[in-house]
Amino acid sequence: MLTSRHDRRTFVRSTAAVGAALSLPAFKTLAATNSLGPNDQIGVGIIGAGWRGGELFKDIVKTAGVKILAVADTDVKLAEELAGKCGATPYQDLRKIIDNPNIHAVFIATCNHWHCLAAIWAMQAGKDVYVEKPLSHTQWEGQQVVNAARKYNRIVQVGTQQRSDPMQAELKKFLHDDKALGNIQYAQANRLGVRKPIGKRTEALPIPKEVNFDLWVGPAAKEPILRDKLHYDWHWNYNTGNGEMGNWGVHVLDDVRNVAYRDSASLPSSVVTVAGRVAWNDAGNTPNVHYAIYETDTFPTLIALSNLADKKDGSGSWDSKAGRPASGPGSGYVVACEGGYLLGQRQNATAMDLKGKTIRKFKGGEIVKLHIQNFFDAMRSRRAEDLNAEAQTGHHSTGWCNLANVGYQASTTFDADQLTSIGSHIEVWPKLVAELKSQLAPLDVNVSQLRVSPKLRHDPKTELFVGDHAALANGFLKRSYRSGFEVPEIA
């Protein structure tokens, strides 16, 4: 489980101790340069053979100069099925892939709690890494991946594939160089997608015989599974996942960082959250409603996230106008400017004036294919700067999600005064709160059932919280690891 409370001094001291005490597996190390000529075949191993691993497989297998040699999954049946599609070798233990000297690159599509440890082990073995989003389960371990990429001179791409869409460059030119809509006032990211409860068992879920559960748990706490399914629904438990904030939130917040800020805001200077798991009685403990305000040195960003339906019968999804002439994308973002709005989402965007009249439309490309090709191109050039979503970029975008999750984890109660005051200086916030209240009402949920966090001030340079409530919040930046699966501190 995540540690809950300790002061900054204890936090720093405990993180340093991990590195000193760690004993890592002895992987066979490839040459430090891992040099590849333009005609050399790249050997690939896929770690994680579930839905996402299968989706990556489709584009990897069609890439010229690349061969999938092995697939690993703690559910060996999944590994065998995916490996069988291309004649690769299936494994249950990811360390078999990491230890294979013929594999130059690993694609990591595991549960979130495995991302960082698998990536670091692979880099220590001399391999380049494509790791799915969110990069990290907690903020501290994400920084260790960045440190490892530098120390071991590895190419590390994070799976925020929209970064490879040529449309993004057009959007940035439109907003910043042409200033077609004037100065930016705020950005709002949305993830308003309906999901269902994951069930709630009184007895532990029986683990299928084909699953190595100890290895599946890995760095996490070994707890009984009290939901109905082992796979995928791990997203909605903080022991193994990051909730919808880390699942889809990272995509839309990464778009905001890229398009609206042009990456000038690495991490926010403060975060406040309003969140809860309401309307459902299930085994999940991540929010199904999660709103946040982020402050930066320039303009604020808000995020509206909900997995709830619009009606009791489970139909309809939420939307958000918040006083604007048109609803923002359900999975996307709005950049509000002096002269209009940019409504962006995966592979398309629309610019409109203040009255809602369309000014321009944008169309995107084949983002997964392009993102994977970008990774392989950077492997051959050995230039990390060629990557569209290098480890540092992915770490920062994931960080916005991690900090919003800290806001929820560090909060305990609802405070009506806090709810209205936290965004009183942001004109759109009261409108967003009004929408939230009206959308909860048909589900017989009162906004008072949510939790409001204190305003948590954050230092983007140290990646630590500062000021009031810092000791509490910093306690959620790093988790406790099981023996043998500790994420190492990389100096």
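Structural remarks
- Compactness of segment 352-491, expressed as Rg and Dmax over alpha-carbon positions, Å: 21.1, 59
- Distance from the alpha carbon centroid of segment 60-118 to that of segment 169-224 works out to 22 angstrom.
- Loop sites in segment 411-491: trypsin sites (Lys or Arg not before Pro), DSSP, at most 12 other Cβ within 10 Å: Lys461
- In this label model, Thr63 and His425 are separated by 4.4 nm, measuring between points 7 Å along each Cα→Cβ vector.
- Segment 292-349 and segment 369-430 have Cα centres spaced 16 Å apart.
- Full-extension gain in nm, Glu366 to Lys77, via 0.36 nm per residue minus C-alpha separation: 101.0 nm
- Length available on full extension from Gln347 to Asn446: 0.36 nm per residue minus the Cα-Cα distance, which gives 32.1 nm.
- Karplus 3J(HN,Hα) series, Hz, for segment 93-108 with 6.51 cos²θ - 1.76 cosθ + 1.60 (x for Gly, Pro): 9, 4, 5, 5, 6, 4, 8, 8, x, 8, 9, 8, 9, 10, 10, 9
- If both residues of a DSSP beta bridge must be in the chain, then about 65% of such bridges are antiparallel.
- Cut-off 16 Å (backbone N to label point 7 Å along Cα→Cβ of Lys173), residues of segment 255-286: 259
- Selection from Val66, Thr358, Val106 lying farthest towards where the dipole of the chain points positive, charges on Cβ: Val66
- Every Cα-Cα pair in the chain was counted, and those over 39 Å apart are 21% of them.
- Here the simple spin-label model places points 7 Å from the Cα toward Cβ, and for Asn281 and Ala471 these points are separated by 3.8 nm.
- Stretch gain in nm, segment Ser438-Val194, where the contour uses 0.36 nm per residue and the Cα spacing is subtracted: 86.2 nm
- For the chain, the longest site-free run once GluC sites (Glu not before Pro) in DSSP loop states with at most 16 other Cβ atoms within 10 Å are removed: 1-202
- Lysines whose Cα lies under 24 Å from that of Lys179, excluding same-chain neighbours fewer than 8 positions away: Lys321, Lys355, Lys357, Lys361, Lys363
- Per-residue Cβ neighbour rank within 10 angstrom, fewest leading, Cys337, Cys116: Cys337, Cys116
- The chain: calculated mean residue ellipticity at 222 nm from DSSP helix runs of at least 4, using -39500 (n - 2.57): -8000 deg cm²/dmol
- Shape analysis of segment 124-191 yields a ratio of the Cα radius of gyration to the Kirkwood radius, Rg/Rh, of 1.12.
- Modelled FRET efficiency - R0 25 Å, Ser269 with Thr358, Cβ distances, 0.05 increments: 0.15
- Per DSSP, loop trypsin sites (Lys or Arg not before Pro) in segment 325-364 with at most 12 further Cβ within 10 Å: Lys355, Lys357
Bear in mind that the values in this text are calculations on the coordinates, not laboratory data. Since this is a predicted model, take the numbers as computed values, not measurements. Every residue, glycine among them, receives a Cβ derived from its backbone with ideal geometry; neighbour counts consider all protein chains shown.
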